Amino acid sequence: MARDFESKLKPQISFLNKCRLLSPSMGNAIRHFKVLISQLPPDMPEEQAKVSLLIELDNYKREKIVVADVAIVKYGVAMISNGDTIMTFAHSSIVRKMLCAAHKNGKKFRVMVVDSRPFYEGRTMLEALQAAGIPCAYIYLNAISYVMKAVTKVIIGASTMTTNGHCVSRVGTAVVAMMAKGHGVPVLVACETYKFSDRVQTDAFVFNELGKLRF
């Protein structure tokens, strides 16, 4: 049973990998799924095995993503103070939830949304925060040196957190973090544990994902 499931799973994973390199979070989920498959009793009926796997996948989603987001938002809201000027970069769903929850709790602050090419994801963040009634400013990445002196905190999302504590995120995140460090502004990274990776990254060029050129 387990071997049959895994043989059916491999082509699907290969297809996903050809479409785009698997992120560490996807790799973690796939490894977890393979462990679940290997633990299936040999005599378990196929339909029962499928139901069991679906239940375990729902549990993984709830524990690693849904419950984790709730915990991160709760901790992040406690870190936000009245009068803060918070800078964030591009769009992160967990950062958006955190800022909206803090505003809903009655905290008074404003947000500077920093944006950059190629996707200008910050526009999505800006629209969501303004819809929630949060005062916002929208700036491009090349202008952060002019406004950083007014910022009290930087809150960003992450694609991956490596074993040696390095954060991997959208292109431009390092510029925001280094500028904040130069001005003595604390940087908070919101990252769920399912995005943790056993890799060790020593610079910003080791695992870069290169997309198609855009003109």
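The values are calculated or read from the model by the stated rules, or taken from the named source; none is laboratory data. In this text the structure is predicted, and so the values were computed from the model without any measurement. In this analysis, Cβ positions are derived from the backbone assuming ideal geometry, glycine residues included, and neighbour counts consider all displayed protein chains. Remember, those area values only see protein heavy atoms, side chains included, never the ligands or the DNA or RNA. Shrake-Rupley method; radii C 1.70, N 1.55, O 1.52, S 1.80 Å.
Structure above, values below:
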read-out	value
Members of the range 1-50 found to be hydroxyl-bearing (S, T, Y) and closer than 20 Å to F196 by Cα, listed by number	S23, S25
Hits in the range 102-125 (condition: in contact with a Gly (Cβ under 8 Å, 6 or more places away or on another chain) and under 15 Å from V70 (Cα atoms))	A102
Of all residues in the range 107-125 being hydrophobic (A, V, I, L, M, F, W, C) and modelled with pLDDT of 95 or more, the one that is nearest to S92 (Cα to Cα)	M125
Residues located in the range 87-109, provided they are part of a loop (DSSP other than H, G, I, E, B) and crowded, with 19+ Cβ neighbours inside 10 Å	A90, H91, S92
Subset tally (residues that are of a type outside the set (D, E), open to solvent by 60 Å² or more (accessible area, probe 1.4 Å) and not in a loop (DSSP other than H, G, I, E, B)) for the range 115-163	9
Filter pass, M112 being farther than 18 Å from R170 by Cβ, in contact (Cβ under 8 Å) with a residue 12 or more places away in the chain and surrounded by 13 or more Cβ atoms within 10 Å (Cβ to Cβ)	no
Pairs, first touching a residue at least 12 places away in the same chain (Cβ under 8 Å) and open to solvent by less than 70 Å² (accessible area, probe 1.4 Å) in the range 53-66, second assigned to a helix (DSSP H, G or I) and of a type in the set (V, I, T), C-beta under 8 Å, six or more apart	L53/I37
Residue within the range 175-187 that is touching a Phe, Trp or Tyr at 6+ places or on another chain (Cβ under 8 Å), open to solvent by less than 60 Å² (accessible area, probe 1.4 Å) and either under 16 Å from S92 (Cβ atoms) or in contact (Cβ under 8 Å) with a residue 60 or more places away in the chain (or both) present	yes
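Results for (1) at pLDDT 90 or above; (2) β-branched (V, I, T), shown as yes or no for each residue.
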| residue | (1), (2) |
| --- | --- |
| R31 | no, no |
| K34 | no, no |
| S38 | no, no |
| M44 | no, no |
| E47 | no, no |
| E63 | no, no |
| V67 | yes, yes |
| M79 | yes, no |
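The rows are residues; the columns are (1) part of a helix (DSSP H, G or I); (2) open to solvent by less than 70 Å² (accessible area, probe 1.4 Å).
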site	(1), (2)
D4	yes, no
S7	yes, yes
K10	yes, no
S14	yes, yes
S25	yes, yes
H32	yes, yes
L36	yes, yes
M44	no, yes
